[in-house]
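Read the figures in this text as sums done on the coordinates, not as results from a lab. Nothing here was measured: the structure is a model prediction, and the numbers come from that model. Note: ideal-geometry Cβ built from the backbone for every residue, glycine included; neighbour counts use all protein chains shown.
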Amino acid sequence: MSERKITAPANNPESEPFYKAAEEGKFLIRRCTACKKAHWYPRAVCPFCFGETAWEEASGKGVIYSYSPMRRAGYTLAYVTLAEGPTMMTNIVDTDPDSLSIGQAVKLKFVPTDGGPPVPCFTAA
Amino acid sequence: MTTNVYGMVAKRHMHQFGTTSEQLAWIKVAASHHAQWNEHAMLRNVVTVQEVLDSPMVSDPLHRLDCCIISDGGGALVVVKPEIARQLKRPLVKIMGAAEAPKGQMGGDVDLSYCGAAWSGPAAFAEAGVKPADMKYASIYDSFTITVLMQLEDLGFCAKGEGGRFVMDGNLISGVGKLPFNTDGGGLCNNHPANRGGITKVIEAVRQLRGEAHPKVQVPNCDLAVATGIGGLLGSRHGAATVVLGRE
């Protein structure tokens with residue numbers, strides 16, 4: 001069911017380090033150096049306090065905040081709350097959608113895209 | 001993609017508040033009761049809760065009949081000075097309060113339990129000096145059944161999480177329930193011209209206030225109404241707008 005071709009993500013100077021790390025299998029997020037809060041998606045300026053932010057490698061652990069399987073199209077869209085705090089929109093892959101539940105632990109899995117860097121998805125932990 | 005995001009909002013609402021697919025279906029049922037009288041509506045058949053539940057699943061938990069139709073169309077409003085309005089010899093409708101609010105992605109502090117109408121609704125009612133309970137009619141933007149439920153709660157027609165119980169048993173059907181909504185059949189049954197789906201909401205509210213809705217769905221003595229909508233995606237980022245209208 002993860003046979004779906006994922007379009008290559010749009011890249012820009014702000015996101016370039018993220019996708020470079022993704023190609024090495026590393027999942028980066030950004031955290032504010034002033035208020036210490038992590039956010040998603042990664043930004044140069046903290047969306048909470050406008051402080052400077054810095055990259056860090058995330059654990060890749062999270063729990064499902066919500067999800068919606070589209071069975072005929074063969075994918076499941078989800079919001080996953082990362083262990084580091086922020087909630088991100090993603091896909092749940094390689095997992096029977098009927099086995100999913102809100103609050104369920106999931107772990108990172110990078111999924112290849114059509115001619116671009118891999119994107120962070122999640123699978124049952 | 002659009003349906004998926006709304007599906008996630010519905011799934012979360014069910015998880016957090018115990019809302020059911022049956023309750024969401026009542027919103028479509030009410031819209032269909034109204035659409036049967038609208039000769040221009042795309043879907044005029046009255047449907048039952050069971051028929052909504054039996055329609056194909058699109059993006060779990062939203063079925064096909066939880067989704068709006070897609071149509072061509074558009075609308076226009078003429079807003080004129082009071083002295084010109086009086087010369088037109090038409091029933092007059094005034095804007096009593098209006099507000100807009102964006103809701104973004106919150107830097108990852110995602111909370112799908114409310115939408116931007118939680119800000120635009122109370123602000124519009126405050127400017128108008130009236131309460132949700134005073135409304136005789138409501139036009140609620142209805143891209144999906146969950147869109148209606150969320151806005152009803154955020155506007156204050158019921159407490160947060162109580163939307164499922166609020167819409168049950170025909171409470172949104174004109175002549176049956178306490179809050180007649182979308183008496184033209186709404187986006188769920190009448191029309192939904194892409195990103196112009198909002199203006200039809202204001203138009204039907206004005207029809208109600210003028211007493212010019214279809215006789216089968218006209219709310220008696222309709223002197224106060226609200227129209228509200230969101231544009232964008234309920235579950236990621238959107239703008240919300242609410243207008244409170246009154247009969248002169």
Which helices of chain B meet both criteria: a Cα extent of 24 Å or more along the helical axis and a mean Kyte-Doolittle score no lower than 1.0, with helices taken as whole DSSP H segments?
none
Considering only B:ALA126, B:GLN36, B:VAL52, whose Cα is most displaced toward the positive end of the charge dipole of the range B:11-130, charges sitting on Cβ of Lys, Arg (+1) and Asp, Glu (-1)?
B:ALA126
For the range A:16-124, what is the convex hull (Cα atoms) projected area averaged across all directions, in square nanometres?
6.9
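So if I place +1 on the C-beta of Lys and Arg and -1 on the C-beta of Asp and Glu, and nothing else carries charge, what would the dipole magnitude of the range A:16-124 be about its Cα centre? I want it in debye, nearest 20. Let's see the in-between values first.
Values: 12 positive and 11 negative charges, 56 e Å.
Its charge dipole is roughly 280 debye.
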Mind checking which lysines have their C-alpha under 28 Å from A:LYS5, skipping anything on the same chain fewer than 8 residues away?
A:LYS20, A:LYS26, A:LYS61, A:LYS107, A:LYS109, B:LYS11
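Roughly what percent of Cα-Cα pairs across chain B reach past 32 Å? Write out the running numbers ahead of the final one.
Working: 4235 of 30628 pairs.
So the portion of pairs separated by more than 32 Å is 14 percent.
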For the range A:97-117 and the range B:59-90, distance of Cα centres in Å
40
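How big is the dipole moment of chain B about its Cα centre under a simple scheme where the beta carbon of each Lys and Arg is +1, that of each Asp and Glu is -1, and everything else is neutral? Debye, nearest 20, please. Could you put the intermediate results ahead of the total?
Details: 23 positive and 23 negative charges, 125 e Å.
With only Lys, Arg, Asp and Glu charged at Cβ, the dipole is about 600 debye.
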Relative contact order of chain A (C-alpha contacts under 8 Å, at least 6 apart) in percent is 26
Work out Dmax and Rg for the range B:24-97 from the C-alpha atoms and quote the Rg first, both in angstrom.
18.4, 53
Report the far tail of the P(r) of the range B:183-248, meaning the percent of Cα-Cα pairs longer than 13 Å.
65
Kindly provide log₁₀ I(q)/I(0) values, in the same order as q = 0.10, 0.17 Å⁻¹, from the Debye equation applied to equal alpha-carbon scatterers of the range B:71-207.
-0.37, -1.07
For A:THR33 and B:LYS160, what does the FRET efficiency come to when R0 = 41 Å and r is the distance between their Cβ atoms, rounded to the nearest 0.05?
0.70
Kirkwood Rh in Å, taken over all unlike Cα pairs in the protein assembly as shown
21.9
